[in-house]
Amino acid sequence: MLESIIKHPQAKDACIIWMHGLGADGHDFEPVVQMLNLPHIKFILPHAPYRPVTLNNGYEMRAWYDIFGLQSESTQDEVGINNMQLTINAMIEAEIARGIPSQRILLAGFSQGGAMALHTATRFDQPLAGVLALSTYLPLKKQLKEKQHPANQRLPIWMAHGRQDSVITLATAQSSRQTLEAAGYAVEWHEYDMPHSVCEEEINYIRQFLLRVLPA
C-alpha cells in the first residue's frame with residue numbers, strides 16, 4: 001500500500017483518491033483540497049514510489065510508471081501502468097471495506113496521476129462516482145475497448161487542459177477525449193489559457209463537478 005496523506009478522515013461516506021504528477025508528491029494538491037472546502041469528502045493523496053524515469057535519463061523520482069517519451073507514438077510502460085492499476089484497485093477496495101460505497105469513490109489526478117486515474121477507473125469492476133482528469137491523457141488507449149469494464153461504462157469524466165501546455169499537448173489530450181467518447185463515455189471537457197498547471201477558474205468548476213457527483 002502506498003504512503004498517503006489523508007484529509008478530512010472523519011468523512012465516512014465519500015472519498016477521493018487524488019494522484020499527483022511526475023516528480024511531485026501527495027503534498028502537491030493539499031492547497032487545492034483546502035480551496036475546494038468539501039469537508040464531507042475524505043481525500044487520500046498518495047505518494048508515488050521512487051523509480052528511475054527513462055525520459056529523465058534514468059533519474060529516480062516519484063513516478064506512477066516509467067515514461068519513455070511524450071509523443072503520441074512513444075513506447076509506453078504497459079507493465080508499470082498495469083501494476084500500479086492493481087495498487088490503486090487495492091486502495092479503492094480498502095475504502096469499500098471501510099464502508100464507503102464504490103459509487104461514492106472518485107479517482108482524480110494531474111498529468112501522470114490523471115493518466116492512472118483514467119486507466120484504473122475505466123477498468124475497475126465496481127461502479128465509481130467519476131474521474132477528475134487534469135492536464136493529462138489516456139495511456140494504452142488502443143486497449144480501451146477491449147479492457148474497459150461495463151460497471152463503469154457510465155462513468156462521469158471531467159477533463160481539463162491548458163491551451164499553452166508544452167508538456168502534454170492539447171492535441172494529445174483531445175485525442176484521448178475522442179478515444180473515450182468513441183468508447184461510449186460522456187466526457188465533460190474544459191480548456192483554459194494556462195500551461196501545464198491548474199488555475200483558480202478551473203478549481204471553481206472542479207468544485208461544482210465534485211458536488212454534483214459526490215453531494216453532501
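The values are calculated or read from the model by the stated rules, or taken from the named source; none is laboratory data. All of these numbers come straight from a predicted model, not from anything done at the bench. Counting neighbours? That spans all protein chains shown, and the Cβs are built from the backbone with ideal geometry, glycine included. Note: areas computed on protein heavy atoms with side chains; ligands, DNA, RNA excluded. Shrake-Rupley method; radii C 1.70, N 1.55, O 1.52, S 1.80 Å.
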- [ ] Whenever you get a sec, compute what percent of the accessible area on the chain sits on carbon and sulfur atoms (1.4 Å probe).
- [x] 50
- [ ] Considering only Ala115, Ala182, Ala151, give the residue with the highest GNM mean-square fluctuation for the chain, with springs between Cα atoms whenever their separation is below 10 Å.
- [x] Ala182
- [ ] Of the options Ser111, Pro156, Leu138, report the single residue whose Cα projects farthest towards the positive end of the charge dipole of segment 75-178 (beta-carbon charges: Lys, Arg +1; Asp, Glu -1).
- [x] Pro156
TODO: Please report the relative contact order for segment 65-129, taking Cα pairs under 8 Å with a sequence separation of at least 6, and give it as a percent rounded to a whole number.
DONE: 28
TODO: DSSP loop (so not H, G, I, E, B), at most 12 other Cβ within 10 Å: list which trypsin sites (Lys or Arg not before Pro) in segment 144-216 pass both filters.
DONE: Arg154, Arg163
TODO: Would you calculate, for the chain, the mean residue ellipticity at 222 nm contributed by helices, counting each DSSP H stretch of 4 or more residues as -39,500 (n - 2.57) and dividing by all residues, to the nearest 500?
DONE: -10000 deg cm²/dmol
TODO: Mind jotting down the three principal axis lengths of the chain based on Cα atoms? Whole angstrom, largest first.
DONE: 42, 36, 32
- [ ] Between Ser74 and Glu191, take the C-beta separation as r, use R0 = 22 Å, and let me know the FRET efficiency to the nearest 0.05.
- [x] 0.40
- [ ] Work out how far the C-alpha atoms of segment 96-175 reach from end to end along every principal axis, then list the three figures in whole Å, largest first.
- [x] 41, 26, 17
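Report the percentage of all Cα-Cα pairs in segment 144-202 whose separation exceeds 18 Å, rounded to a whole percent.
The proportion of pairs with Cα distances above 18 Å equals 40 percent.
What are the semi-axes of the equivalent ellipsoid for segment 58-104, taken as the square roots of 5 times the Cα gyration tensor eigenvalues, largest first, in whole Å? The partial results should precede the final answer.
On the way: eigenvalues 176, 29, 14 Å².
Equivalent ellipsoid semi-axes, largest first: 30, 12, 8 Å.
On average, how much accessible surface per residue is there in segment 103-216, in Å², for a 1.4 Å probe, leaving out ligands, DNA and RNA?
Computed with neighbouring chains in place, this is 40 Å² per residue.
Going by average Cβ neighbours within 10 Å, how do the peptides 70-81, 47-58, 24-35, 8-19 rank, with the highest at the top?
8-19, 24-35, 47-58, 70-81
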Open item on the list: Would you work out the Kirkwood radius for segment 80-139? I mean one over the mean of 1/r across all pairs of different Cα atoms, in Å.
Closed with: 11.4
Open item on the list: If I take every Cα pair under 8 Å that is 6 or more residues apart in segment 1-119, average their sequence separation and divide by the length, what percent do I get for the relative contact order?
Closed with: 33
- [ ] Work out how much length Arg51 to Leu140 would gain on full extension: take 0.36 nm times their residue separation and subtract the Cα-Cα distance, in nm to one decimal.
- [x] 30.0 nm
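Enter the accessible area per residue of segment 1-63 (Å², integer; probe 1.4 Å; all protein chains in place).
Result: 48 Å² of accessible area for each residue.
Within the chain, what percent of beta bridges assigned by DSSP are antiparallel, to the nearest 5? Walk me through the numbers on the way to the answer.
Working: 9 of 32 bridges.
Once the DSSP bridges in the chain are tallied, antiparallel ones form about 30 percent.
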- [ ] Within the set of other residues whose C-beta is less than 9 Å from the C-beta of Arg163, count the net charge using Lys and Arg as +1 and Asp and Glu as -1.
- [x] -3
- [ ] State the extension gain, in nm to one decimal, for the chain segment bounded by Gln103 and Ala151, taking 0.36 nm per residue of separation less the distance between their alpha-carbons.
- [x] 16.2 nm
Open item on the list: Give me the tail of P(r) for segment 1-98 as a percent: Cα-Cα pairs with distance above 21 Å.
Closed with: 40
